[in-house]
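**Student:** Pasting a structure below so you can have a look.
Read-outs throughout are calculated quantities, based only on the coordinates presented, and are distinct from any laboratory measurement. Source: prediction; values computed, not measured.
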Amino acid sequence: MVKTDRGKDRCSQVNDTAKETGITAGKEGSVFTSAGTQHGGQEATILSFHITLLHQGMIVAGLPYSFEGQTRSDEITGCSPYGASTIAGSSGERVPTENELAGARFQGRYVATIAAKLVRQGPATEEGSRFKMRTRCEEDETRKETAS
């Protein structure tokens, strides 16, 4: 953490600014990480960071199971539905495997695809929000009107 002249760390300042301005609301967030060992907390790290993204009003995207590398059993590898990850080794001696790099690339493309769709839809507003939930009855009525 970098301390500033106001005594707050920079991360807190970013959080305060985001809350006050809403600049992150409706935007996409995604997380990837590395750890020293196979069970070194990759999933816990990603999940705990998701909380921060949700507090900022962000839409969270992970690494979907459509990335087939998640189901590999022929090697010890990072990556989970929560996000791409790698195992760095206790001294950083291990480099990411091809599968781990492929997971990170897949997640990047996935995030970019969702972000492009969000941009096309335009900003969220309280009235006419793109996030407005429709009831099943409203959907049924719309289908009936369209079919007529």
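**Student:** Pairs of Cα atoms under 8 Å, at least six residues apart: use those to get the relative contact order of region 49-92, whole percent.
**Tutor:** 31 percent
**Student:** For Lys117 and Ile76, compute 0.36 nm times the residue count separating them, minus their Cα-Cα distance, and round to one decimal in nm.
**Tutor:** Values: separation 41, 0.36 × 41 = 14.76 nm, distance 3.44 nm.
Residue separation times 0.36 nm, minus the Cα-Cα distance, leaves 11.3 nm.
**Student:** Which value results when the Cα radius of gyration for region 26-123 is divided by 2.2 N^0.38 Å?
**Tutor:** Details: Rg = 14.1 Å, N = 98, 2.2 N^0.38 = 12.6 Å.
Ratio of Cα Rg to 2.2 N^0.38 Å: 1.12.
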